[in-house]
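Below is one structure, written out as structure tokens; the observations come after it.
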Amino acid sequence: MRPSRRSRKLRSDCGASCASDEYSRRDRLVVLIRVAAFPAAVLVLVLALVSAGCRSTPIREIRGARHYAEGTRALEASEPARAVEELERAAALVPEASEIQNHLGLAYWAGGRPERARLAFERALELDCGNDAARVNLANLRRSIRLSAKVGLDDGTFGKAGVRDPGSAADRDGGGQDGGR
């Protein structure tokens, strides 16, 4: 077998100081390790840096999922303020999740913030045009806003003409139909 250029170079580098074949092999091995170690170290460093960025993504998604679950539980428990807080955290951690945006829209709507709800539903549809729940929620919100404009409610909730919604701001402030008595 004909020696490669590299092995010829190693042999010539050894020169007169290489008295025996054993020393020559050891010396060649050390040089090969040193030559191979540098690109390998660079490769390991590059892979470590790249994977470090990737490693945080699953952690963010797990944390986002926890906040999403907490926000959904708060929404089901009729706690819109807590739901908004948790779902906003989830949306910050996983901004590309359409489901989180949809539930955030529901939380805003339940909290009396229909404009923010509309934006969240629209964002959910931007992220996933096949999100039927967000599409239905946006349509219902728009219908609710139109109805509330007709009957004079300012908080985006459903109501009947001439009858105040029992949870409306006027009733909480004592300004209901009974004149605040």
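The values are calculated or read from the model by the stated rules, or taken from the named source; none is laboratory data. All values reported here derive from a predicted model rather than from experimental measurement. Cβ: placed from backbone, ideal geometry, glycine included. Neighbour counts: every protein chain shown.
What number of residues in the stretch 57-106 are outside any helix (DSSP H, G or I) and either touching a Ser or Thr at 6+ places or on another chain (Cβ under 7 Å) or surrounded by fewer than 20 Cβ atoms within 10 Å (Cβ to Cβ) (or both)?
Applying the first criterion (outside any helix (DSSP H, G or I)) to the stretch 57-106 yields 77-79, 94-97.
Remaining after also requiring either touching a Ser or Thr at 6+ places or on another chain (Cβ under 7 Å) or surrounded by fewer than 20 Cβ atoms within 10 Å (Cβ to Cβ) (or both): 77-79, 95-96.
Adding up the residues that qualify gives 5.
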Among (1) more than 25 Å from Pro58 (Cα to Cα); (2) hydrophobic (A, V, I, L, M, F, W, C); (3) not in a helix (DSSP H, G or I), the one test that Cys129 misses:
(1)
Just to be sure I understand the filter: pairs with C-beta atoms under 6 Å, separated by 6 or more residues or on different chains, first member in the stretch 104-122 and at pLDDT 95 or above, second member assigned to a helix (DSSP H, G or I) and among the β-branched types (Val, Ile, Thr). Which pairs pass?
Ala107/Val84; Gly111/Val84; Pro114/Ile145
